[in-house]
Ligand SMILES: [Zn+2]
C-alpha cells in the first residue's frame with residue numbers, strides 16, 4: 001500500500017512547522033551526508049516552554065532570563081527539535097542550510113552546516129534523554145535516509161571538540177545505533193564502546 005508522502009520538498013509532513021529566517025542555500029551540488037545531534041534547553045535545564053522556538057525564530061526576549069545575556073543577539077537555527085515528550089518541530093527545510101554547527105569538521109570536511117542536518121534534542125548536555133526522544137530521533141533518521149544520502153551520525157561535540165560538548169555523556173549512542181540499525185561505521189570512532 002502506498003503511504004502518505006513523508007516529505008514536502010525538504011519539510012517533513014508530521015513535524016510541526018515553525019519556519020526560521022536563520023537559514024540559507026546549501027552550496028551547489030552538496031550531498032547531505034551527516035546527521036548532527038545537539039542538545040538545548042532554555043533556560044538551561046528547564047523543559048517544555050517556547051524559548052527554543054523563539055530563539056530559532058529571532059523572537060526570544062533577551063531580558064526574560066539572566067542566562068539569555070550570554071546569548072543575546074545570536075542568530076541560530078536547527079532543522080529539527082525533538083521535545084522531551086517526543087514532539088517534533090521543524091525550523092528549516094532540509095534542502096536548505098541551517099545555522100547549528102558553527103566552526104566544525106567531520107572526517108576532514110569543514111563547515112558541517114553545508115552538508116548536515118541539525119537535530120536538537122531538548123535536554124541538558126551531560127544529562128539523560130527520554131526514551132521517546134530516542135524513538136523520535138530514530139524515526140526521523142529513517143525518514144532522512146529515505147531522502148538524503150546520509151553516511152554518518154555524530155554529535156556536535158564530535159565535530160567541534162574543545163568548543164562544544166553537546167549532547168554529552170548522558171546521550172546513549174549504543175541505544176541510537178540499536179534503534180536505527182545503522183552499522184557502527186556511521187558513528188564516531190569509539191563512542192559505541194561502553195566505558
Ligand atoms: Zn550543538
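On full extension of the chain, what length is gained from residue 31 through residue 9, given 0.36 nm per residue of separation minus the C-alpha to C-alpha distance?
6.4 nm
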Response to the item:
Here the equivalent ellipsoid of the stretch 67-140, derived from its Cα gyration tensor, has semi-axes (largest first, whole Å) of 21, 17, 13
Practice prompt. May I ask for the distance between the Cα centers of the stretch 81-136 and the stretch 30-65, given as a whole number of Å?
Written response: 10 Å
Worksheet, complete the sentence: From DSSP H assignment alone, runs of 4+ in the chain each adding -39500 (n - 2.57), the sum over residues rounded to the nearest 500 puts [θ] at 222 nm at -5000 deg cm²/dmol
Fill in: Three-way shape call for the stretch 130-182 based on the alpha-carbon gyration tensor, with the a/c threshold at 1.5
oblate
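Report the full-extension gain for the segment residue 17 to residue 132: residue separation times 0.36 nm, less the Cα-Cα distance, to one decimal in nm. Each step should come with its number before you reach the end.
Values: separation 115, 0.36 × 115 = 41.40 nm, distance 1.97 nm.
Length gained, residue 17 through residue 132: 39.4 nm.
Could you calculate the FRET efficiency of residue 163 with residue 85 from 1/(1 + (r/R0)^6), where r is the beta carbon distance between them and R0 is 41 Å, rounded to 0.05? Working shown, then result.
Details: r = 30 Å, r/R0 = 0.73.
It comes to 0.85.
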Response to the item:
Against the 2.2 N^0.38 Å rule of thumb, the C-alpha Rg of the stretch 1-159 sits at a ratio of 1.00
Item to complete: When a/c is below 1.5 the answer is rounded, else prolate if a/b is larger than b/c, else oblate, so apply that to the stretch 1-61 with a ≥ b ≥ c taken from the square roots of the Cα gyration tensor eigenvalues.
Response: prolate
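Read-outs: derived from the displayed coordinates by stated rules, not from any lab. On a predicted model such as this, the values are computed, not experimentally measured, just so you know. Note that we place each Cβ from the backbone using ideal geometry, even for glycine, and neighbour counts take in every protein chain shown.
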